[in-house]
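Enquirer: Below is the structure I would like to discuss, written out as structure tokens.
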Amino acid sequence: MTRDEKVRVIDELSERLSNNEYFYITDASGFSVNQINTFRRMCFDKGLQFKVYKNTLIKKALDKQENDYSAFDGTDVLKSYSGIIFSPESANLPAKVIREFRKKGFSEGKPKLKAACIEREIFIGEEYLKTLSEFKSKNELISEIISLLQSPVKNVMLALESGKHTIVGIIKTLSERDK
């Protein structure tokens, strides 16, 4: 790869990193061509992008970002083969895809989660995979809040609606009693 090609790749990667609030760095070593293509297809089907980069290029692209990624220094995050999953809208979707890929038996424990960046917060290590997959997306949280806000109103409306029949019944019974 020529120097100009490296600069172009770093600029492209830097732009992708700054345009995506959610990205996961995974260990892409040990994949067969079929496995990596299957994983890419699963990512694509979910609206994610997965691409393998050289660690030195990832490091240079991260250095160009506003966020501080010095937490990666001295760790295994930028060692071995690294793939990055970019998620434009959902913080938990990449973790769900990794777990789904493993459940379907395409590979033994691969891809391994090296790190994740969720809205500038950094999570380093495989132990965060389950937690990250259980995060709720912004849309899920908004819909839960709306449901919680609507719930008391619905309960009041149902009580009034059912009470209407009760009140009518009581009035009817009382009016018949007087006769």
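Enquirer: So which of Lys60/Lys138; Lys46/Lys154; Lys64/Lys112; Lys6/Lys104; Lys64/Lys103 end up more than 28 Å apart, counting from Cα to Cα?
Expert: Working: Lys60/Lys138 30 Å; Lys46/Lys154 35 Å; Lys64/Lys112 25 Å; Lys6/Lys104 36 Å; Lys64/Lys103 36 Å.
Pairs exceeding the cut-off: Lys60/Lys138; Lys46/Lys154; Lys6/Lys104; Lys64/Lys103.
Enquirer: Where does the chain land at 222 nm, in deg cm²/dmol rounded to the nearest 500, when only DSSP H runs of n ≥ 4 count, each adding -39500 (n - 2.57), divided by all residues? Please report the intermediate quantities before stating the final value.
Expert: On the way: 6 runs with 96 residues, N = 179.
After summing the helix terms and dividing by residue count, I get -18000 deg cm²/dmol.
Enquirer: Order the peptides 94-102, 57-65, 135-143 from the highest to the lowest mean number of other Cβ atoms within 10 Å of their residues.
Expert: Per-residue mean Cβ counts within 10 Å order the peptides as 94-102, 57-65, 135-143.
Enquirer: Roughly how many whole Å is it from the C-alpha centroid of segment 102-143 to that of segment 18-50?
Expert: 13
Enquirer: To the nearest 10 degrees, how steeply does helix 3-19 sit against the main Cα axis of the chain, on a 0 to 90 scale?
Expert: 10
Enquirer: Right, something else. Under the 0.36 nm per residue contour assumption, what length would be gained going from the current alpha-carbon distance of Asn37 and Glu144 to full extension?
Expert: 35.0 nm
Enquirer: Of all GluC sites (Glu not before Pro) in segment 11-85, which ones are in loop regions per DSSP and have a Cβ with at most 10 other Cβ atoms within 10 Å?
Expert: Answer by residue number: Glu66.
Enquirer: Can you give the net charge of the other residues whose Cβ lies under 11 Å from the Cβ of Met1, counting K and R as +1 and D and E as -1?
Expert: +2
Enquirer: Could I ask something else about it? Can you tell me the mean projection area, over all orientations, of the convex hull of the chain's alpha carbons? Units nm², please.
Expert: With every direction weighted equally, the projected area is 15.4 nm².
Enquirer: DSSP loop chymotrypsin sites (Phe, Trp or Tyr not before Pro) in segment 44-99 with at most 11 other Cβ atoms within 10 Å of their Cβ, which ones?
Expert: Filter output for segment 44-99: empty list.
Enquirer: Related question: Would you work out the charge dipole size for the chain about its Cα centre, treating the Cβ of every Lys and Arg as +1 and the Cβ of every Asp and Glu as -1, and quote it to the nearest 20 debye?
Expert: About 600 debye.
Read-outs: derived from the displayed coordinates by stated rules, not from any lab. Just so it is clear, the model here is predicted, and its values are computed rather than measured. So basically every Cβ, Gly included, is an ideal-geometry build from the backbone, and we count neighbours across all protein chains shown.
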